[in-house]
Amino acid sequence: MSASRETVERVLGAVESSGRHYGNGFPMIASENVISPMVRQACDSDLHGRYAEGLPGKRYYQGCDDFDTIESIGIDLAKKVFNAPFVNIQPTSGTVSNIAALKALVKPGDRITAVSTADGGHISHAQMGAVGLRGLDLNTYPWDADRMEPDIDAAAAMIREVKPKMALFGASVFLFPTPLQELADAAHEVGATVMYDGAHVLGLIAGGVFQDPLREGADVMTGSSHKTFPGPQGGFLISSSEDEKFQKKLNNAVFPGTNSSYHLHHVAGKVVALAEFEAFGTKYAKDIVANAKVLASSLASEGFDVLAEDRGYTASHQVLTRHGGVDSGAGRTAAAVLEEAGIITNMNMLPGDTKAMSPSGLRLGVQELTRHGMGADEMEHVAECFRRALIDGEDPNKVKKTVNSIRSNFQEVKYCYSE
Ligand SMILES: Cc1ncc(COP(=O)(O)O)c(C=O)c1O
């Protein structure tokens, strides 16, 4: 066999192996999800190789009539699902949505306020990411570590003092709704645009179980299409503005501003996911939050240090657990042991941690287990497996047998149409 053929087989073997690893275990990374069979069908299509620069009806290429139909249906559906007068469904990721919004709404040298990465903000809100790429002057919000949200009074005072051009909210560690109304009022008072990054919680927002940023003061909302919103990898750029000039600025920032090909197969997949979300999303979102609450209280009962007990642990898809002292790296060790037991998670910085590679905690997400049909009983079983692997110190391979056996009963993707 030729070396290149061997390489192809190795790669395809690893692709299959990765599928088995996730498919037999408990996938609990809060930013991930699985796609439905019909979304998969749209993604695995001829559109994969096509181009459609511009907007429906205004293209630079021939051959776009069918795709115009798809994107037009998608725009209408997304407006309904996100209850917004403006959407652009083209961005190829949540980060690209953020870059486009920053391109449209701020200029190099402008001031911006955002959640710091140490408090759970996303790298695209930081100097190392999109905020730095746009040359912005970043000021991070004073943080209430007990409530896991911006300190409302101090953050509002900071916004009034700093007078940013943009106040950016939302984060990657996202247990509770942001107190947006109060902070958006302060931002609008000083003439700032309010942007809400709903990458993680977009499905919960669209399902009506988290918060309603566009009615609480956000001018623009961005998000990923593949976390709690269960579509293919991609992004959305959404706005509450009816102003056509403002909307045009956003569209121009997506194309030609930050995208050329925008992965038409994924857009078609997003549109199928939007239609399925319209039918099943409210129930899915409700079940996610219910499962997260049960998982959090079950982990606490099993002896884990679960954050935010006073607030009921969580109001989203996420649960945070602390496994050792600040900067101890205990989160990293716990994630490695859990993976040996077939439970896939990620280490995460918690309040007080300063080192991203040796944090004390784990961030867990239940959106994918929920999508496979797991409910409250299974959340209790998941917590038991955590206890056996991390507290009892049982051989991870023995725990893995239980994990595989539970998971074998939850193979289908729910909250969608069957083929
Ligand atoms: C708050 C936030 N914004 C943006 C992103 C980036 O999304 P994507 O991975 O779709 O680029 C993430 C990713 O997890 C996130 O947590």
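Only the coordinates and a few stated rules stand behind these numbers; no lab work does. Computed from a predicted structure; not experimentally measured. For neighbour counting, all protein chains shown are included, and Cβ atoms are generated from backbone atoms with ideal geometry for every residue, glycine included.
Working note: Cα gyration tensor of region 137-245, eigenvalues times five, square-rooted, sorted largest first, giving semi-axes of 23, 17, 12 Å.
Distances between placed amide hydrogens fall under 5 Å for Asp144 paired with Glu149, Asp151, all partners being 5 or more residues away or on another chain.
Size of region 256-335: Rg and Dmax of its alpha carbons, in Å, are 18.8, 53.
Ranked by how many other Cβ atoms sit within 10 Å of their own Cβ, fewest first, the residues Asp310, Asp305 fall in the order Asp310, Asp305.
Can you give the FRET efficiency to the nearest 0.05 for Glu278 and Glu9, using r as the Cβ-Cβ distance and R₀ = 35 Å? It comes out at approximately 0.30. In sequence order, region 151-158 has phi-based couplings of 5, 4, 5, 5, 5, 5, 5, 5 Hz under the Karplus curve 6.51 cos²θ - 1.76 cosθ + 1.60, θ = phi - 60°, and Gly or Pro positions carry x.
Charge dipole (Cα centre; +1 on Lys/Arg Cβ, -1 on Asp/Glu Cβ; no other charges) of the chain amounts to roughly 760 debye. A cut-off of 5 Å between modelled amide H atoms, ignoring neighbours fewer than 5 places along the same chain, links Ile343 with Phe26. From most to least packed by mean Cβ count within 10 Å, the peptides 100-107, 280-287 give 100-107, 280-287. Each other residue within a Cβ distance under 10 Å of Asp144 adds +1 if Lys or Arg and -1 if Asp or Glu, for a net charge of -4. For region 281-407, the Stokes-Einstein estimate of translational diffusion at 25 °C and a viscosity of 0.890 mPa s comes to 169 µm²/s, using the Kirkwood hydrodynamic radius over alpha-carbon pairs. Remark on region 39-277: ratio of C-alpha radius of gyration to 2.2 N^0.38 Å is 0.98. All Cα-Cα separations within region 221-267 were binned at 5 Å from zero, giving a P(r) of 5, 19, 23, 25, 18, 10, 0, each value a whole percent of the pairs. Taking each residue as 0.36 nm, the span from Arg40 to Ser260 lengthens on full extension beyond its C-alpha to C-alpha distance by 76.9 nm. May I ask what percent, to the nearest 5, of DSSP beta bridges between residues of region 39-277 are antiparallel? Around 50 percent antiparallel, to the nearest 5.
Among Ser36, Ser328, a tally of other beta-carbon atoms within 10 Å of each Cβ gives an order, fewest to most, of Ser328, Ser36. In whole percents, the pair-distance distribution calculated for region 71-125 from its alpha-carbon pairs, binned every 10 Å from zero, is 20, 38, 32, 10. Excluding same-chain neighbours fewer than eight residues apart, the lysines reachable from Lys80 by a Cα-Cα span under 21 Å are Lys227, Lys248, Lys270, Lys283, Lys286. Adding -39500 (n - 2.57) for every DSSP H run of four residues or longer, then dividing by how many residues the chain holds, sets the calculated 222 nm ellipticity at -13000 deg cm²/dmol. The DSSP beta bridges internal to the chain are antiparallel in roughly 60% of cases. Between the beta carbons of Lys355 and Asp395, assuming R0 = 22 Å, the FRET efficiency works out to 0.15 to the nearest 0.05.
Relative protection proxy for 43-56, 361-374, from highest mean packing down: 361-374, 43-56 (other beta-carbon atoms within 10 angstrom). Evaluating 6.51 cos²θ - 1.76 cosθ + 1.60 at θ = phi - 60° for every residue in region 165-175, the Karplus couplings come out as 7, 9, 10, 9, 10, x, 7, 8, 9, 9, 7 Hz, glycine and proline recorded as x.
On the beta carbon distance between Ile73 and Asp110, with R0 = 45 Å, the FRET formula returns roughly 0.80. Going 7 Å from the Cα of Asp153 toward and past its Cβ, which residues in region 165-195 have a backbone nitrogen under 17 Å from where you end up? Zone members listed by number: 179, 182-183, 186.
Backbone amide hydrogens, once placed in the peptide plane, bring Thr314 within less than 5 Å of nothing, excluding anything fewer than 5 places away on its chain.
When peptides 241-250, 184-193, 169-178, 122-131 are sorted by average Cβ neighbour count within 10 Å, with the highest value leading, the order is 169-178, 122-131, 184-193, 241-250. The length gained on full extension between Asp305 and Asn24, counted as 0.36 nm times the residue separation minus their Cα-Cα distance, comes to 98.5 nm. Taking other residues whose beta carbon is less than 12 angstrom from the beta carbon of Ile73, and scoring Lys, Arg as +1 and Asp, Glu as -1, yields -2. For Asp305, what is the net charge nearby, where nearby means another residue's Cβ is under 13 Å from its Cβ and Lys, Arg count +1, Asp, Glu -1? Within the 13 Å Cβ shell, the charges total 0. Derived scalar couplings between HN and Hα for region 369-385 equal 4, 4, 5, 8, x, 6, x, 4, 4, 5, 4, 5, 5, 4, 4, 4, 4 Hz in order, rounded to whole Hz, by the Karplus curve 6.51 cos²θ - 1.76 cosθ + 1.60 (θ = phi - 60°), x for Gly and Pro. A convex hull fitted to the Cα coordinates of the chain yields 153 cubic angstrom per residue. The aspartates and glutamates whose alpha-carbon is closer than 13 Å to the alpha-carbon of Lys414, local same-chain residues fewer than 8 away aside, are Glu276, Asp287, Glu368.
For the pair Asp185 and Met1, label points projected 7 Å from Cα toward Cβ lie 6.6 nm apart.
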